[in-house]
1. Would you pick out the residues in the stretch 293-310 that are crowded, with 17+ Cβ neighbours inside 10 Å and under 18 Å from the mean Cα position of the chain (by Cα)?
2. Does the stretch 175-193 hold any residues that are more than 17 Å from Ala106 (Cα to Cα) and either surrounded by 24 or more Cβ atoms within 10 Å (Cβ to Cβ) or basic (Lys, Arg) (or both), and which are they?
3. Can you pull out the residues in the stretch 257-287 that are in contact with a Leu (Cβ under 7 Å, 6 or more places away or on another chain) and either under 20 Å from Gly237 (Cβ atoms) or among the β-branched types (Val, Ile, Thr) (or both)?
4. Taking only pairs six or more apart or across chains, which ones have beta-carbon atoms under 6 Å, a first residue in the stretch 297-315 that is of a type in the set (Val, Ile, Thr), and a second residue that is in a strand (DSSP E or B)?
5. Quick check on the stretch 382-400. Is at least one of its residues hydroxyl-bearing (Ser, Thr, Tyr) and either more than 30 Å from Asn320 (Cβ to Cβ) or out of contact with any helix residue (DSSP H, G or I) (no Cβ under 7 Å at 6 or more places or on another chain) (or both)?
6. Any chance you could count how many residues in the stretch 51-77 are assigned to a loop (DSSP other than H, G, I, E, B) and more than 21 Å from the chain's Cα centre (by Cα)?
7. When you look at Thr34, is it part of a strand (DSSP E or B), modelled with pLDDT of 80 or more, in contact with a Leu (Cβ under 8 Å, 6 or more places away or on another chain) and of a type in the set (S, T, N, Q), yes or no?
8. Take the residues of the stretch 95-150 that are polar (S, T, N, Q) and assigned to a loop (DSSP other than H, G, I, E, B): which is surrounded by the fewest Cβ atoms within 10 Å (Cβ to Cβ)?
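The values are calculated or read from the model by the stated rules, or taken from the named source; none is laboratory data. Keep in mind that what you see is a predicted model, and the values were worked out from it rather than measured. For neighbour counting, all protein chains shown are included, and Cβ atoms are generated from backbone atoms with ideal geometry for every residue, glycine included.
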Amino acid sequence: MGRKFASAAAITLLVGASGVARAEDDSATVNGLTFYGAIDVGVTYDTHGAQSSNVGNTGSYYLVQKASNRSTFNFAQSGMGQSNIGLKGANDLGDGWTGLFKLETAINPAGGNITDGSKALVSNNGRPMQSWTAAGDTSASGQAFARAAYVGVSNQTYGTLTAGLQTNLNADAISTYDPGYGSYAFSLIGYSGFAAGSSDTDNTRWDNSVKYLYAYGPARLGVQYAFGGTSGRNDTGYAADLGFDYDGLSVDAVYVNKKDGVSVSSLSAPQVAGLAALGYSPSNSLSATVSDNDSYTIAALYKLNNLKLFAGFEYVQSKNPSSPLPVGFTNIGGYTAAYVNNTAFPNTRDVDIAWTGARYAFTPKLELAGAYYYYHQNAYGSGANAGCNDTRSGTCSGDEHVFSLVANYHFTKRFDTYAGAMYSQLLNGMASGALKNNNLSPTVGIRYTF
């Protein structure tokens, strides 16, 4: 059989989701290659926010953060979904086999640059939180293809095998089962990579990983393994997903184990003052917390005519790393971990994440979505902080509540507009060190996909 453009079913697998399949329009495909992307911009008002950033992945504090402190009206980007550009391909290899690849990068249309979340954090080094610009930990830190870089083969009988940088199975499931579209502006589990990364946003995508997806009738299986070696560390990982579809119901259960997860943050003024003695520069240095993590997720979606109902629960367990990382190790994007905490968890930290919501299509063009998200953290400190349930320490037990409502209107298949709001609140340990503990963030925007 001659080489030819692959079937739509094979192209769908390039999305990387282990859950519900998503149809794609491949009108931009030439000779088996598809150039695609999305540009998403808007404006947002935060009752307790921060100045916008034009280098990070969101540009605005849609969700309350510790540095949230004043009302702001910002030009925003990627509110409904991360702006990106990518290239993917699929070719018929004969005998039912398809070869495929995907390269994708995150972009910030506010500044016209490749998204660099670590650079946004570095810009806040040594500054008081009241003057911070919006920034957060992310798996996109200026890499050319931060969102995907993999190659593989697919067969309708034997499944799909891909290798390279790709989303982990938990991130795939959460994206599928999030009533808030996995968005930054209207979803806690979309804005924060804690859930998708099984504690660490950096682990939303796994370097050096192999992923296998298989479907038989209504059932599906996914397994994934990450070889250690990201920036020289022992960050092995493995994950498994089991799911099924039946009469409008879809369910997936996912387990993840990841070593040497890294969470990075901006440096305090005393830390910046100590960099010279360490031989590091404040323009390329961050603080890092290292952990070994396990997560267990179960999520469901039920479709009934124009109504979709969503629910999910994830349990995340974090503990001190079995392979501590040295001061000065290089993290993703080439940033230096000038201060490293390998003992952040005197006791195991347990976080429960729950969400529910619905979407209703009033017309083929207009859909309304509402969602509720909840985090609960146990008290994992020791000594004077053992068993605490207040704001004295970030190791005290605490909660986060998030509500959102958004309307999404498609003028055409490729051009849509959205308007909605998200309210978020931090309590007790999760509010420790925060300037304000809540934020209301109404947002409107437009998006063009191709």
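1. Asn293, Ser295, Thr297, Ile298, Ala299
2. Scanning the stretch 175-193 gives Tyr177, Asp178, Pro179, Gly180, Phe186, Ser187, Leu188, Ile189.
3. Of everything in the stretch 257-287, those that are in contact with a Leu (Cβ under 7 Å, 6 or more places away or on another chain) and either under 20 Å from Gly237 (Cβ atoms) or among the β-branched types (Val, Ile, Thr) (or both) turn out to be Asp260, Val264.
4. Thr297/Val254; Thr297/Glu314; Ile298/Ala253; Ile298/Phe313
5. Yes, because at least one residue in the stretch 382-400 is hydroxyl-bearing (Ser, Thr, Tyr) and either more than 30 Å from Asn320 (Cβ to Cβ) or out of contact with any helix residue (DSSP H, G or I) (no Cβ under 7 Å at 6 or more places or on another chain) (or both).
6. Final tally of qualifying residues: 1.
7. When the stated conditions are applied, Thr34 passes them.
8. Here the residue is Ser123.
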